[in-house]
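The values are calculated or read from the model by the stated rules, or taken from the named source; none is laboratory data. Fair warning: this is a prediction, and the values are worked out from it, not measured in the lab. Glycine gets a Cβ as well: all are built from the backbone with ideal geometry, and neighbour counts include every protein chain shown.
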Amino acid sequence: MTPSDPTLSATLPPAPAPPAGPALDRAIALPSATALVVGIIVGASIFVQPSEVTREVPSLGGTALVWLAAAALTLAGALIVAELASAFPRSGGVYVFLRESISPGAAFLWGWAMFWSMHTAILAAIAMVFARYLAWFIPVGDAGVRALAVAAIAIVSAVNLFGVRHGNRLQATFTLVKVLSIAVLTIAGFALGARLPAHFVAATGATGATGAMSPGLPAGALLRALAAGLFAFGGWHMVTYTAGETRDAAHTIPRALLLGLPIVAVSYLALNAMYLYVLPVAAVVRSTRVAADAADAVLGSGGAGVMSALVLFSSFGALSGLVLTAPRAYQRMAEDGLAFSWLARVHPTWRTPSRAIGLQALWGSVLVLSGSYRELVARVVYTEWIFFAILALGLLRLRARPDYRPAWRLPAAPVLAPAFALVALTVAAEEVAARPGPRLLGLALVAAGVPVYLILVARANKEPA
């Protein structure tokens, strides 16, 4: 079933106007929006995920190629989203873009998957990463780690509940600290690592003496490595959810994406180069905590403490950004009649979507306490790229409409959008082929939203618009 299927094209009557009340506070300027882009993407994955990439492509040249391809594909997606954000500068992000370019049904399925799995599972997972690294300094058992994760979600949600300005400052502060920390770590790795006996040591067997990619390396391995790299770049689209609280959103959000993504790409490429400078490829492949192993190689036994502190800052900053952005999509869905109407409420004093923030915190905490976020992350997160492919094709549909007038147009979109969609669908298809059982269950979870959407449409059409 695709979003063009008549089932998902079933239409709602015009949504009633939102109840009179306070508007969202437009407090996000370009520096804060850029910090949001960087802060959400640079979470904990870059300190672990390089091993996943190198395991699939165990060569220096292959690893570099995959990270460059992941950065390029992410940038292409961000450029597509930048044009859509300039055309529809409203809170809700991808949900709004899918509704405008494809159908309300496609938009609903995105929001459905986002709440039940894609977004809240990542939120719960990052909260657990934060708690586990905090436990390095404050020893607690498994129950204590879960309690710390729930507390982190509650604290960050409370900060964002009391005003987008507070959440903004928190996000910007943590983003600045972790970007500077990554820069210091990278420079220290190259400077202090110079005393190590060898650098850029290629593995044997899958690579040649120069570490070049083996001609016989399967295409599937490259695609799986690319999927692992794209996971580390995840969250690049989430700045668009806060358009309703962004000053001059039609111009600010595209600029934030164009400024923020190069910062992330340079940081990621520099970190990966440092990892391979101080550790042999074989050691990177075996590692379950590559950043900590690199720090240990350079700093000795004190490296673990340094990396634990950095991952703490990085994961908490990413958690702050995730809590800030997604409730705006749920609020928009409620305004459109595709979620509980009470989720549309804006707090009269704090001017934030307080109920959506609270509901997200509640479900994220349930996933932490139950441990089910692991299965959701493994089974569903890759489905984002199916939606991104559909969104890219939706951009071409919008360009055929005479009333489509974005503030900024992506050059070469007729070529870039279908190419992006093809690669995104290929990566998703390889993920399904590699692990069909869990992935098909993930798709079934998304498809479970179809009957819910049809019930909402039927109820809405029986009521006067």
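For the stretch 243-250, indicate whether the set of residues that are at negative phi, surrounded by fewer than 24 Cβ atoms within 10 Å (Cβ to Cβ) and not in a helix (DSSP H, G or I) is non-empty. Looking for residues that are at negative phi, surrounded by fewer than 24 Cβ atoms within 10 Å (Cβ to Cβ) and not in a helix (DSSP H, G or I), one finds at least one in the stretch 243-250, hence yes. All conditions in (1) closer than 20 Å to GLY235 by Cα; (2) at pLDDT 90 or above; (3) in contact with a Leu (Cβ under 8 Å, 6 or more places away or on another chain) hold for GLY321, with the sole exception of (2). Take GLY39 and decide whether it is in contact with a strand residue (DSSP E or B) (Cβ under 8 Å, 6 or more places away or on another chain) and in a helix (DSSP H, G or I). It is false that GLY39 is in contact with a strand residue (DSSP E or B) (Cβ under 8 Å, 6 or more places away or on another chain) and in a helix (DSSP H, G or I).
Just to be sure, is THR175 polar (S, T, N, Q) and more than 15 Å from LEU322 (Cα to Cα)? Explain how you work it out, then say what you get.
Values: polar (S, T, N, Q): yes; more than 15 Å from LEU322 (Cα to Cα): no.
No.
Residues in the stretch 162-193 that are farther than 24 Å from ASN272 by Cα and surrounded by fewer than 20 Cβ atoms within 10 Å (Cβ to Cβ): PHE162, GLY163, ARG165, HIS166, ARG169, THR173.
Residues are listed down the side, and each one gets a yes or a no for (1) free of Cβ contacts under 8 Å to residues at least 60 places away in the same chain; (2) of a type outside the set (A, V, I, L, M):
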{"residue": "PHE233", "(1), (2)": "no, yes"}
{"residue": "ALA243", "(1), (2)": "no, no"}
{"residue": "THR246", "(1), (2)": "no, yes"}
{"residue": "PRO254", "(1), (2)": "no, yes"}
{"residue": "ALA265", "(1), (2)": "no, no"}
{"residue": "LEU269", "(1), (2)": "no, no"}
{"residue": "ASP296", "(1), (2)": "yes, yes"}
{"residue": "GLY303", "(1), (2)": "yes, yes"}
{"residue": "GLY317", "(1), (2)": "no, yes"}
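Just wondering, is there one or more residues in the stretch 289-297 that are in contact with a Lys or Arg (Cβ under 6 Å, 6 or more places away or on another chain) and either buried (at least 19 other Cβ atoms within 10 Å of the Cβ) or of a type in the set (A, V, I, L, M) (or both)? No, the stretch 289-297 contains no residue that is in contact with a Lys or Arg (Cβ under 6 Å, 6 or more places away or on another chain) and either buried (at least 19 other Cβ atoms within 10 Å of the Cβ) or of a type in the set (A, V, I, L, M) (or both).
Among the candidates PRO436, PRO418, the residue that is modelled with pLDDT of 95 or more and surrounded by fewer than 19 Cβ atoms within 10 Å (Cβ to Cβ) is uniquely PRO418.
Starting from residues that are assigned to a loop (DSSP other than H, G, I, E, B) and among the β-branched types (Val, Ile, Thr), keep the ones in the stretch 298-349 and report whichever is surrounded by the fewest Cβ atoms within 10 Å (Cβ to Cβ). Spell out the reasoning first.
As a first pass, look at the stretch 298-349 and keep what is assigned to a loop (DSSP other than H, G, I, E, B): 326, 336-340, 345-349.
Now restrict to residues that are among the β-branched types (Val, Ile, Thr): 346, 349.
Details: VAL346: 20, THR349: 9.
Among residues in the stretch 298-349 that are assigned to a loop (DSSP other than H, G, I, E, B) and among the β-branched types (Val, Ile, Thr), the one surrounded by the fewest Cβ atoms within 10 Å (Cβ to Cβ) is THR349.
Considering the stretch 70-180, the qualifying helices (runs of 4 or more DSSP H), each wholly inside and each with 2 or more residues that are under 18 Å from GLU245 (Cβ atoms) and at pLDDT below 90, run over 142-161.
In the stretch 351-378, how many residues are assigned to a helix (DSSP H, G or I) and either under 26 Å from GLU245 (Cβ atoms) or in contact with a Ser or Thr (Cβ under 7 Å, 6 or more places away or on another chain) (or both)? First the steps, then the outcome.
Initial filter on the stretch 351-378 (assigned to a helix (DSSP H, G or I)): 354-370, 373-378.
Of the ones still in play, those that are also either under 26 Å from GLU245 (Cβ atoms) or in contact with a Ser or Thr (Cβ under 7 Å, 6 or more places away or on another chain) (or both) are 354-365, 367, 376.
Matching residues across the stretch 351-378 total 14.
Against the list (1) over 26 Å from GLN331 (Cα atoms); (2) modelled with pLDDT of 90 or more, the condition ASP248 fails is (1). Under the condition of being surrounded by fewer than 17 Cβ atoms within 10 Å (Cβ to Cβ) and among the β-branched types (Val, Ile, Thr), which residue from the stretch 124-158 is nearest to VAL42 (Cα to Cα)? Restricting to residues being surrounded by fewer than 17 Cβ atoms within 10 Å (Cβ to Cβ) and among the β-branched types (Val, Ile, Thr), the top hit is ILE155.
Exactly one residue out of VAL145, VAL140, VAL164, VAL129 is more than 14 Å from GLN360 (Cβ to Cβ) and in contact with an Asp or Glu (Cβ under 7 Å, 6 or more places away or on another chain), and it is VAL164. One residue stands out in the stretch 1-30 among those that are within 17 Å of ASN168 (Cα to Cα) and not in a loop (DSSP other than H, G, I, E, B): the one that is modelled with the lowest pLDDT, namely ILE28.
Do the conditions hold for LEU456, that is, is it in contact with a helix residue (DSSP H, G or I) (Cβ under 8 Å, 6 or more places away or on another chain), under 24 Å from GLY77 (Cα atoms), touching a residue at least 12 places away in the same chain (Cβ under 8 Å) and surrounded by 15 or more Cβ atoms within 10 Å (Cβ to Cβ)? Explain how you work it out, then say what you get.
Working: in contact with a helix residue (DSSP H, G or I) (Cβ under 8 Å, 6 or more places away or on another chain): yes; under 24 Å from GLY77 (Cα atoms): no; touching a residue at least 12 places away in the same chain (Cβ under 8 Å): yes; surrounded by 15 or more Cβ atoms within 10 Å (Cβ to Cβ): yes.
Considered against the rule, which asks whether it is in contact with a helix residue (DSSP H, G or I) (Cβ under 8 Å, 6 or more places away or on another chain), under 24 Å from GLY77 (Cα atoms), touching a residue at least 12 places away in the same chain (Cβ under 8 Å) and surrounded by 15 or more Cβ atoms within 10 Å (Cβ to Cβ), LEU456 comes out as no.
Against the conditions (1) part of a helix (DSSP H, G or I); (2) surrounded by fewer than 23 Cβ atoms within 10 Å (Cβ to Cβ), ALA33 satisfies every one except (2). GLY189 meets each of the listed conditions (1) part of a helix (DSSP H, G or I); (2) at pLDDT below 85; (3) not hydrophobic (A, V, I, L, M, F, W, C) apart from (2). Only one of the numbered conditions (1) assigned to a helix (DSSP H, G or I); (2) farther than 18 Å from ALA82 by Cβ is not met by PRO402, and that is (1).
In the set (1) in a helix (DSSP H, G or I); (2) surrounded by fewer than 19 Cβ atoms within 10 Å (Cβ to Cβ), the condition left unmet by VAL284 is number (2).
I'm trying to understand the selection: among the residues of the stretch 55-69, which are part of a helix (DSSP H, G or I), buried (at least 21 other Cβ atoms within 10 Å of the Cβ) and among the aliphatic types (A, V, I, L, M)?
Answer for the stretch 55-69, where residues must be part of a helix (DSSP H, G or I), buried (at least 21 other Cβ atoms within 10 Å of the Cβ) and among the aliphatic types (A, V, I, L, M): LEU60, VAL66.
Can you work out which of the residues in the stretch 350-393 that are closer than 17 Å to ALA158 by Cα and of a type in the set (S, T, N, Q) is surrounded by the most Cβ atoms within 10 Å (Cβ to Cβ)? Here the residue is THR352.
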